[in-house]
Amino acid sequence: GRDYSNVTATNDSNDSGRLLGGLLATGFDEASCLSRYQSPLYRKPSPYKPSPYLLSKLRSYETLHKRCGPGTEPYKKALTQLDQEHIDNNGECKYVVWVSFSGLGNRILSLASVFLYALLTDRVLLVDRGKDMEDLFCEPFPDISWLLPLDFPLTSQFDGLNQDSPRCYGHMLKNQVVGNDKTLSHLYLHLVHDYGDHDKMFFCQGDQTFIGKVPWLVVKTDNYFVPSLWLIPGFDEELEKLFPQKETVFHHLGRYLFHPTNQIWGLVARYYEAYLSNADEKIGIQVRVFDVGAGPFQHVMDQISSCTRKEKLLPDVDTVIERSRRVTTPKKRKAVLVTSLNSGYSENLKSMYWEYPTLTGEIIGVHQPSQEGYQQTEKKMHNGKALAEMYLLSMTDSLVTSAWSTFGYVAQGLGGLKPWILYKPENRTAPDPACGRAMSMEPCFHAPPFYDCKAKTGVDTAIDTQTEEQLGVQEKRFRLF
Ligand code: GDP
């Protein structure tokens, strides 16, 4: 096995691996965030290299963040703009505030989307810490925090922000109170899955020109809206330069932004060492059941077996004990990492591989780190475990995920894995086929705008199959219809 204990002492020749091909900035205090440097040791090197253009964009973002971030003079000056309805002259720096909202998987995806928007529009990203953002993630930018200061004047309004808020862009459009003569000091962008046609105008180029002048944007979203950014003229060329491989957006931005804190990294590293590191092959199975009721459900169990056998991810067992053959070739060890709120699915698999030998002679170990029972988004350690499990799933060789789950998207994106998706069961029956291979590792945009900005009518933006395939919106087909 590898020695993971002394990674901080590795010499500079290995820096490109340690710094993820230049993705990560230098100059951090390594001990304060071990995952930043240790996680590459737990994964195969990514075959996807960040473009030099992305690297230079990130370095200039870091400079911008340092110049304009919390506590700086430009930040203090920009804050004074918030006292005014309209601003008289442009300040030096503009901001986009991400409001903490929804489950952890949704938050990770939406934060990556808002960061990309910040990159594209030269804004500084500030993160509302909500209940636990600070405990879960290390600071991603050198020197100056990405956390929104606690005394930010609008924070007390965050919870109440919705489609009908007076400063909600969609609401203002609807009520025709958006004038072109004066620049507002701040706007609220409602990009939550329940958003309306006027909110969706955010994805139109003309509206971006207006929004672009506003120094403070506050965004609430639970979506991975990156695919729609590609469809905005004015952003598309820049995106192509940043990401010549379209399906790598979350892969790179996720690895750049999301480093678990030392406490969470401990959960990841200890579990990996104890249960996964000695296996010849690691299979991740993420089971997320959206049905009501306690579970475990037989149809989900059937679906997992059917998918993993048909796709040759896990071997069949020999149920005729007397005839079971003795395989003399060296035995391959497979570790199966199951994540689920319910313990039933992994217990079932585990008993099966204990009670019967496999036809291939492979040895199958089944492990599930936590079984939390139900979603408890407000609880700190609950989300810490969820983050650790997403990370562990991303370290497997093959991944099976559940349709519609952002928890799985985070794992596949960080890992650079193209998962097998367990289709969503209908009427408590296992679908046939049980699963299908995703077209890319890129997360899916669950609530894309059905709006054609030029024609000013509703249209399915995912119908263009070329774009669809490249963007990873394709999964929507299976899932929305
Ligand atoms: P999604 O609802 O599947 O898209 O994923 P989210 O992460 O946004 O929200 C689900 C939340 O439920 C997670 O953040 C966890 O708090 C919890 N959860 C769901 N599945 C699991 C699991 O397998 N393990 C753990 N620890 N928590 C889970």
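The values are calculated or read from the model by the stated rules, or taken from the named source; none is laboratory data. All of these numbers come straight from a predicted model, not from anything done at the bench. As a convention, Cβ positions derive from the backbone with ideal geometry for all residues, glycine included, and neighbour counts pool all protein chains shown. With ligands, DNA and RNA removed, areas are computed over all heavy atoms of the protein, side chains included. Shrake-Rupley method; radii C 1.70, N 1.55, O 1.52, S 1.80 Å.
A few remarks follow.
- In the condition set (1) within 25 Å of Asn278 (Cβ to Cβ); (2) more than 8 Å from the ligand (Cβ to nearest atom); (3) of a type in the set (D, E, K, R), Lys424 is compliant with all but (1).
- Selection status of Leu136, crowded, with 20+ Cβ neighbours inside 10 Å, in contact (Cβ under 8 Å) with a residue 12 or more places away in the chain and away from the ligand (no atom under 16 Å from the Cβ): no
- For the range 275-316, taking the residues that are among the small types (Gly, Ala, Ser) and more than 15 Å from the ligand (Cβ to nearest atom), the one that is nearest to Gly373 (Cα to Cα) is identified as Gly293.
- Hey, Val214 under 13 Å from the mean Cα position of the chain (by Cα) and farther than 17 Å from Ala388 by Cα or not: no
- Listed conditions (1) modelled with pLDDT of 95 or more; (2) more than 13 Å from the ligand (Cβ to nearest atom); (3) more than 19 Å from Ser370 (Cα to Cα) are all met by Ser394, apart from (3).
- Strands (runs of 3 or more DSSP E) contained in the range 344-451 and holding at least 2 residues out of contact with any Cys (no Cβ under 8 Å at 6 or more places or on another chain) and open to solvent by less than 30 Å² (accessible area, probe 1.4 Å): 363-367, 398-402
- Qualifying residue in the range 46-54 (condition: more than 16 Å from the ligand (Cβ to nearest atom), within 27 Å of Gly384 (Cβ to Cβ), surrounded by fewer than 21 Cβ atoms within 10 Å (Cβ to Cβ) and at pLDDT below 95): yes
- Listed by first and then second residue, the pairs linking a residue in the range 277-288 that is small (Gly, Ala, Ser) to a residue that is surrounded by fewer than 20 Cβ atoms within 10 Å (Cβ to Cβ) and at pLDDT below 95, with Cβ atoms under 7 Å apart and 6 or more places separating them unless they lie on different chains, are Ser277/Gly1.
- Qualifying positions in the range 95-127 - away from the ligand (no atom under 16 Å from the Cβ), surrounded by 21 or more Cβ atoms within 10 Å (Cβ to Cβ) and among the charged types (D, E, K, R): Arg123
- Of the residues Lys380, Lys350, the single one that is charged (D, E, K, R) and either within 15 Å of the ligand (Cβ to nearest atom) or under 21 Å from Phe290 (Cα atoms) (or both) is Lys380.
- Restricting attention to the range 229-244 and to residues that are touching a residue at least 24 places away in the same chain (Cβ under 8 Å) and touching a Lys or Arg at 6+ places or on another chain (Cβ under 9 Å), the residue that is nearest to Leu24 (Cα to Cα) turns out to be Leu242.
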